[in-house]
Amino acid sequence: MPLLLASTSRYRRELLERLRLPFHIARPDVEESPLPGEDSIALAQRLAQAKAAAIAVQHPESWVIGADQVAELNGQPVGKPGHREAALAQLGAMSGQQVRFHTALCLLHGERRLEALDTTTVRFRELTAAEIGRYLDAEQPFDCAGSFKSEGLGITLFEAIESSDPTALIGLPLIALSRLLREAGFELP
């Protein structure tokens, strides 16, 4: 069965490669702005579905994986910073706080849709402006929700991570995805 990842994220691609299933990548063209009154969970789920649907229409013979992650600080979504100044502000706001990362999955083929949601809580330690600056200089995580890479030096910013799936924080919860793929008929070890 053909498998497509509806994402050009190198992080998601590298995670999916761990499952050793052949797959292709397609770029979904999806507007990612939150809708009025939309909470972080609903936003992540809607975007994962929309990304999968955008590619499934073009490739009806394939199973399509859509995924999206929304960080939430004090009930508000936190996006990708895009540049250093925004990352400084994000990490400064997260210092000493708990941030929840909602990672939604949608596996789509025709009318069949399988979904999962993982929520990971990250407790940030108290961070100084100098620590934040050194971290940003070292990793430049401007394309990452929350302004860090937990698989790299970003781990030094935390007191704790509470999660049922360590890959979820990177952007693709492989435990949940493996379950969905098995349910769809893919053979995994």
Normalised per residue, the volume inside the convex hull of the alpha-carbon atoms of the chain in Å³ amounts to 111
Surrounding net charge for Thr103, when Lys and Arg each add one and Asp and Glu each subtract one, Cβ distance under 12 Å: -3
Of the residues His59, Gln97, Ser9, the Cα lying farthest along the dipole of the chain towards its positive end, which is defined by charges on the beta carbon of Lys, Arg, Asp and Glu, belongs to His59
Express the Stokes-Einstein translational diffusion coefficient of the range 77-178 in µm² s⁻¹, to the nearest whole number, given a Kirkwood radius over alpha-carbon pairs, 37 °C and a viscosity of 0.692 mPa s. 229
Tell me the label-point distance for the pair Thr128, Leu21, using the 7 Å Cα-to-Cβ offset, in nm and rounded to one decimal. 4.7
Dipole in debye (nearest 20) - the range 40-189, about Cα centre, beta carbon charges: Lys, Arg +1; Asp, Glu -1: 180
Relative to the longest principal Cα axis of the chain, at what angle does helix 84-94 sit, 0 to 90 degrees, rounded to 10? 80
Report the calculated FRET efficiency for Arg13 and Arg112 (r = Cβ-Cβ distance, R0 = 25 Å), to the nearest 0.05. 0.60
Computing the accessible area with a 1.4 Å probe over protein heavy atoms, can you report the carbon and sulfur percentage for the chain? 50
Need one value: the accessible area of Glu162 in square angstrom, 1.4 angstrom probe, rounded to the nearest 10. 90
How far, in degrees from 0 to 90, does helix 174-183 lean away from the longest principal axis of the Cα atoms of the chain, to the nearest 10? 10
Within the set Pro22, Pro81, Pro34, GNM on the chain using Cα springs under 10 Å gives the largest fluctuation to Pro22
Using unit Cβ charges (K, R positive; D, E negative) and no other charged atoms, how large, in debye to the nearest 20, is the dipole of the range 1-128 about its Cα centre? 420
Find the accessible area per residue for the chain; the probe is 1.4 Å, ligands and nucleic acids are left out, and the unit is Å². 49
Once all protein chains are kept in place, Tyr135 shows an accessible area at probe 1.4 Å, nearest 10 Å², of 10
Per the helix-only calculation at 222 nm, which mean residue ellipticity applies to the chain, given -39500 (n - 2.57) for every DSSP H run of n ≥ 4 and division by its residues, nearest 500 deg cm²/dmol? -9000 deg cm²/dmol
For the range 138-189 and the range 54-86, what is the separation of their Cα centres, given in Å? 13
Taking 0.36 nm per residue of separation between Glu32 and Asp143 and subtracting their Cα-Cα distance, the length gained on full extension comes to 38.6 nm
Springs between alpha-carbon atoms under 10 Å, Gaussian network over the chain: tell me which of Leu16, Leu153, Leu88 tops the mean-square fluctuations. Leu153
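The values are calculated or read from the model by the stated rules, or taken from the named source; none is laboratory data. The structure displayed is predicted, hence computed values, not measured ones. Cβ coordinates were reconstructed from backbone atoms using ideal geometry, including for glycine residues, and neighbour counts include every protein chain displayed. Accessible surface areas use protein heavy atoms only, side chains included; no ligands, DNA or RNA. Shrake-Rupley method; radii C 1.70, N 1.55, O 1.52, S 1.80 Å.
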